[in-house]
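Q: Can you keep this structure in mind? I'll have questions shortly.
Read-outs throughout are calculated quantities, based only on the coordinates presented, and are distinct from any laboratory measurement. Source: prediction; values computed, not measured. Here the Cβ positions follow ideal geometry from the backbone for every residue, glycine too, while neighbour counts run over all protein chains shown.
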Amino acid sequence: MSGVPSGLEAAIASAHIHRAELLALPYVVAVRGGYKFVGGRITGTPAVIVAVDRKPDGLEAADAVSRVLSDGMPTDVAVADSLERLVAAAGLEATTTVPAPAVHRC
């Protein structure tokens, strides 16, 4: 991926690899690469972001998101935003396409 920091690129790749297994867990609605948040603040630590529709108390260990995936990538569980919830309800996958910059020639 051109222009993407290598750590973030690794988090995106890990999210792609682990997407199916994570989406199979209860309450998980989306999986993406990003950066870990601690205390409400973004850090520089790349992570697989696992969006859930809610964070229930007393979740069985087998149903919980691992803190670190088998490839060593950390995870961060976040409450899903409105778009993630809508996309999940529609059975789609959210993607973002960034258009290439326009080339101006003189």
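Q: If you take the alpha carbon radius of gyration of region 6-90 and divide it by 2.2 N^0.38 Å, what ratio comes out, to two decimals?
A: Values: Rg = 12.2 Å, N = 85, 2.2 N^0.38 = 11.9 Å.
The value comes to 1.03.
Q: Going by C-beta contacts inside 10 Å, put ASP71, ASP53 in order with the fewest on the left.
A: Fewest-to-most Cβ neighbours within 10 Å comes out as ASP71, ASP53.
Q: Going by how many other Cβ atoms sit within 10 Å of their own, how do ILE49, ILE12, ILE42 line up, fewest first? Please report the intermediate quantities before stating the final value.
A: Numbers: ILE49 20, ILE12 17, ILE42 11.
The most exposed by this proxy come first: ILE42, ILE12, ILE49.
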